[in-house]
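Written below as structure tokens is the structure these notes are about.
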Amino acid sequence: MEYKPSLLKKPRLSEKSTLLTKYNQYVFDVDFKANKNEIKKAIENYYHVKVEKVNIINLPNKPIQWRNKTFKNGRVKKAIVTIKEGQKIELGI
């Protein structure tokens, strides 16, 4: 098994992200300090695909109420990665 870089946390599997796979786009949760170049290199090294474009979405803290207590979940950074036509990433979809 190959080493997975620590800046790639997990692929985000949702209804919208599975629809984006038709357009060769995949969504990942990434480390908040990672930039586009680091994400591109990590995806290319781990999944052995050619990345064409990386878009980043920064989501702020969001208060969550659970059992009459209010918590803040951590900040999340999502990366939408577009890969070269004809290549595929197996995510267990």
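For the stretch 51-65, taking the residues that are surrounded by fewer than 11 Cβ atoms within 10 Å (Cβ to Cβ) and at pLDDT below 90, the one that is farthest from Lys41 (Cα to Cα) is identified as Gln65. Among the strands (runs of 3 or more DSSP E) contained in the stretch 1-69, which hold 2 or more residues that are under 12 Å from the mean Cα position of the chain (by Cα) and either touching a residue at least 12 places away in the same chain (Cβ under 8 Å) or within 13 Å of Val81 (Cα to Cα) (or both)? Strands (runs of 3 or more DSSP E) meeting the threshold: 8-11, 25-30, 51-59. Has the stretch 27-44 got at least one residue that is in contact with a strand residue (DSSP E or B) (Cβ under 7 Å, 6 or more places away or on another chain), among the basic types (Lys, Arg) and loosely packed, with under 13 Cβ neighbours inside 10 Å? Within the stretch 27-44 (the criterion being in contact with a strand residue (DSSP E or B) (Cβ under 7 Å, 6 or more places away or on another chain), among the basic types (Lys, Arg) and loosely packed, with under 13 Cβ neighbours inside 10 Å), the answer is no, since none of the residues qualifies. Residues that are of a type in the set (Ser, Thr, Tyr), open to solvent by less than 80 Å² (accessible area, probe 1.4 Å) and in contact with a Pro (Cβ under 9 Å, 6 or more places away or on another chain) do not occur anywhere in the stretch 66-84.
The values are calculated or read from the model by the stated rules, or taken from the named source; none is laboratory data. Nothing here was measured: the structure is a model prediction, and the numbers come from that model. Every residue, glycine as well, gets a Cβ built from its backbone with ideal geometry; the counts of neighbours run over all protein chains shown. Ligands, DNA and RNA are stripped out before the accessible areas are found, and what is left, the full protein with its side chains, is counted by its heavy atoms. Shrake-Rupley method; radii C 1.70, N 1.55, O 1.52, S 1.80 Å.
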